[in-house]
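Scroll down for the structure; my scribbles are underneath it.
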Amino acid sequence: MSVDGICETSQYLTFTLGQEKYAVDVCHIREILDCTAITKVPRAPDFMLGVINLRGSVVPVVDMRLKLGMSATVNSITTCIIVVEILFDNETIMIGALADSVQEVLELEPEGIEASPKIGVGVQGEFIRGMGKNNGQFIMILDIDKVFSTDETCLVSTVSVS
């Protein structure tokens, strides 16, 4: 049983948060950066760590573990920032998503992606586009636009550094 809206083979960037594996459609990925210095922004939401300078652009950075209701990310040698592009108010904006590690790019057939269970999933269900499987391990495919909901994206995208 495949998921509605996923009708062709797609590539997904996989990454880890804790012991779980997640994926985002590569069409949303701008680049992957080593963890760098993040400038704190006063009065930002808890999940927003601050901003980075990406070739002259200010990019907000979100701790994906905090955003998804987990404990904060502990920086390690594999910690990285996945710069994603999302559509907000008819404009494409960049957001850095802090992850424990990046794994690989996978190609998944629509038949290999199932709907997420209605209960028992630690991540809020509306964030999950589907559940893929690779080498016997489930991969939660995130709907990155929904992860950064309109209200929160508004908060993050309007952050400015004085």
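The values are calculated or read from the model by the stated rules, or taken from the named source; none is laboratory data. Note that the structure is a prediction, hence the values are computed from the model and not measured. Cβ: placed from backbone, ideal geometry, glycine included. Neighbour counts: every protein chain shown.
Residues are listed down the side, and each one gets a yes or a no for (1) assigned to a loop (DSSP other than H, G, I, E, B); (2) under 16 Å from Ala23 (Cβ atoms):
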| residue | (1), (2) |
| --- | --- |
| Val41 | yes, no |
| Ala44 | yes, no |
| Gly69 | yes, no |
| Ala72 | yes, no |
| Ile77 | yes, no |
| Ile95 | no, no |
| Val102 | no, yes |
| Glu107 | no, yes |
| Gly132 | no, yes |
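Please count how many residues of segment 15-44 are at negative phi and either of a type in the set (S, T, N, Q) or without any contact (Cβ under 8 Å) to a residue 24 or more places away in the chain (or both). Adding up the residues that qualify gives 9. Return the residue satisfying two criteria in turn: it lies in segment 122-144 and is under 26 Å from Leu87 (Cα atoms) and surrounded by fewer than 17 Cβ atoms within 10 Å (Cβ to Cβ), and of such residues it is modelled with the lowest pLDDT. Only one residue fits best here, namely Gly122.
Please determine whether any residue of segment 34-42 is surrounded by 13 or more Cβ atoms within 10 Å (Cβ to Cβ), in contact with a Cys (Cβ under 8 Å, 6 or more places away or on another chain) and at pLDDT below 95. So far as segment 34-42 goes, yes, one or more of its residues are surrounded by 13 or more Cβ atoms within 10 Å (Cβ to Cβ), in contact with a Cys (Cβ under 8 Å, 6 or more places away or on another chain) and at pLDDT below 95. Just one of (1) among the aliphatic types (A, V, I, L, M); (2) over 29 Å from Lys40 (Cβ atoms); (3) modelled with pLDDT under 75 fails for Leu155. It is (2).
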